[in-house]
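The values are calculated or read from the model by the stated rules, or taken from the named source; none is laboratory data. Quantities reported herein were computed from a predicted structural model and do not represent experimental measurements. Cβ sites come from the backbone with ideal geometry, for glycine too, and all protein chains shown count toward neighbours. Side chains included, ligands, DNA and RNA excluded: accessible areas come from the protein's heavy atoms. Shrake-Rupley method; radii C 1.70, N 1.55, O 1.52, S 1.80 Å.
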Amino acid sequence: MDINQLKYLITVVEAQTFTNASDILHVSQPSLSIAIKKLENHLGLMLLDRSKRKLSLTKEGRILYLEAKRLMNQLDYIEDEMERLKKEGPLELSIGTIESANHWLPKVLKIIKESYEDVHIQLLDILSLDEVKNALLNYRIHFAITNQYINTDEIKSTFLYEEHLVVLMPNDHPMRNKERLSIVDLNNEPFILCKEGFQTRDDIKNAFRRSSSKLNIHYEIERFETACRLVEEGLGITIIPEKYVNRASNNRFCVRYVSDQDIKRNVYLVVDKKRYLPPIVIKFMEQIFEYHK
């Protein structure tokens, strides 16, 4: 099995036909078909289902395609990094972040900029568990700041800090005069909640389960900013990180602590353990750890 065979497989899958793939690769269609067949014979597996008019992957072919795609992304990354080193161009850094990290991350960015004036930094909203994994393993980011704990053979999570969650409700809500709320108080209230795949959703659902209260979900969202806007318009209540609320304008809604449960979430720095990280990335991570000591 060689790189060209994997490249051919990826192109056939994404071009959907051997004809289109041969045009993209500038090889004859018979040569391309023979190369894919040799790959299947070498592995002893059928990779493409040719029984139907539309070309499709077998279960085994799907697994190989995803792994091959990741390998090609890694090779592209290595080539780009070597080219950058050769040209000594501007340093580049890509970070996946959660919304509540915005209250401290700019301070660390400022420190890094003072030491590396030419560094080009890309900040991406990487929120759900699948997004974090895919961004790391497909080399879209160097590391992530996330509340998703991931500990696998490939990915490592290092604890940074914990943040408490608070209740947001409209300014005219009947419970606005209460200094603190219990989860029971929130029973059956129209609720704005993160969609499936977000750890904060699980944290909130667990809190309601422990108090035997009903979580009445009216809206499912991805971003806390959206949740705040919905609360502001009187469409429901929500629970989000306190540090995110501190960054927002509090006079648009009421903020209350939960008295009967300490609802909180942990925030981690997550990296691909097997990936080479340039010195600038290592320096940045060290600065983050120093900030949260």
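Among the lysines of region 1-104, pairs at least eight places apart or on separate chains and with Cα atoms under 24 Å apart come to 16.
Amide H contacts under 5 Å for residue 147: 268, restricted to partners 5 or more places along the chain or on a different chain, H placed in the peptide plane at 1.01 Å from N.
What accessible area per residue comes out for region 1-131, rounded to a whole number of Å², with a 1.4 Å probe? Let's see the in-between values first.
Values: 8070 Å² over 131 residues.
Value for region 1-131: 62 Å² per residue.
A straight Cα-to-Cα reach below 18 Å connects residue 113 with the lysines 283, residues fewer than 8 places away in its own chain not being considered.
Given the DSSP H assignment, sum -39500 (n - 2.57) over each helix run of at least 4 residues in the chain and divide by its residue total; what's the result at 222 nm in deg cm²/dmol, nearest 500?
My calculation for the chain gives -13500 deg cm²/dmol from helical runs alone.
In vacuo Debye scattering of region 103-256, one point per C-alpha: log10 I(q)/I(0) at q = 0.10, 0.18 Å⁻¹? Here the Debye-derived log intensity ratios amount to -0.44, -1.15. Coordinate range of the alpha-carbon atoms in region 26-100 per principal axis, descending: 49, 37, 23 Å.
The calculated FRET efficiency for the pair residue 80 and residue 50, based on their C-beta separation and a Förster distance of 41 Å, comes to about 0.70.
Got a number for carbon plus sulfur as a percent of the chain's accessible area, 1.4 Å probe? Working shown, then result.
On the way: 7560 of 15930 Å².
Heavy-atom surface of the chain belonging to carbon and sulfur, 1.4 Å probe: 47 percent.
Filter the trypsin sites (Lys or Arg not before Pro) in region 210-269 down to the DSSP loop ones having no more than 15 other Cβ atoms within 10 Å, then list what survives.
Working: sites: 210, 214, 223, 229, 243, 247, 252, 256, 264, 265; in loops: 214, 223.
Loop-located and lightly packed - 214, 223.
Note on residue 153 and residue 188: with the Förster distance fixed at 41 Å, the Cβ-Cβ geometry gives a FRET efficiency of about 0.40. Highest GNM mean-square fluctuation among 127, 137, 235, for the chain modelled with Cα contacts below 10 Å: 235. Only one residue of 188, 208, 239 has its Cα farthest out toward the positive end of the dipole of region 172-241, where Lys and Arg carry +1 and Asp and Glu -1 on Cβ, and that residue is 208. Taking every DSSP bridge with both residues inside region 1-127, close to 25 percent are antiparallel.
Taking the chain as a Gaussian network of alpha-carbon nodes connected by springs under 10 Å, the highest mean-square fluctuation of the residues 219, 139, 276 belongs to 276.
Once you have the Kirkwood Rh of region 172-285 from its Cα pairs, apply Stokes-Einstein at 10 °C and 1.306 mPa s and quote D in µm²/s.
Details: Rh = 15.9 Å.
So the translational diffusion coefficient is about 100 µm²/s.
GNM on the chain, alpha-carbon springs under 10 angstrom: the most fluctuating residue among 99, 14, 242 is 14.
With +1 assigned to the C-beta of every Lys and Arg and -1 to the C-beta of every Asp and Glu, and no other charges, what is the dipole magnitude of region 167-293 about the Cα centre in debye, to the nearest 20?
Details: 22 positive and 18 negative charges, 79 e Å.
Roughly 380 debye, rounded to the nearest 20.
In the context of the full set of protein chains, residues of region 196-293 present 51 Å² of accessible surface per residue (probe radius 1.4 Å, heavy atoms only).
Can you give the direction-averaged projected area of the convex hull of the alpha-carbon atoms in region 1-45, in nm²?
Numbers: hull surface 10.9 nm².
Spelled out: convex hull of the Cα atoms, projected over all directions, averaged, 2.7 nm².
With +1 on each Lys and Arg Cβ and -1 on each Asp and Glu Cβ, how big is the dipole of the chain about its Cα centre, in debye rounded to the nearest 20? The partial results should precede the final answer.
Values: 42 positive and 43 negative charges, 123 e Å.
Dipole about the Cα centre, nearest 20: 600 debye.
Legend: calculated FRET efficiency, residue 38 to residue 277, from the Cβ-Cβ distance at R0 = 30 Å, rounded to 0.05, equals 0.25. Quick one: of the DSSP bridges fully inside the chain, what percent are antiparallel, nearest 5? So the antiparallel bridges in the chain amount to around 55 percent.
With the contact rule set at Cα under 8 Å and sequence spacing of 6 or more, what percent relative contact order holds for region 1-55? Could the numbers behind the result be given before it?
On the way: 33 pairs, mean separation 19.2, N = 55.
Relative contact order here is 35 percent.
Each of 197, 251, 217 was scored by the projection of its Cα onto the charge dipole of region 175-259, and the greatest displacement toward the positive side belongs to 251; charges sit on the C-beta of Lys, Arg, Asp and Glu. Remark: the residue 31-residue 235 segment gains 67.4 nm on full extension, using 0.36 nm per residue and subtracting the alpha carbon distance.
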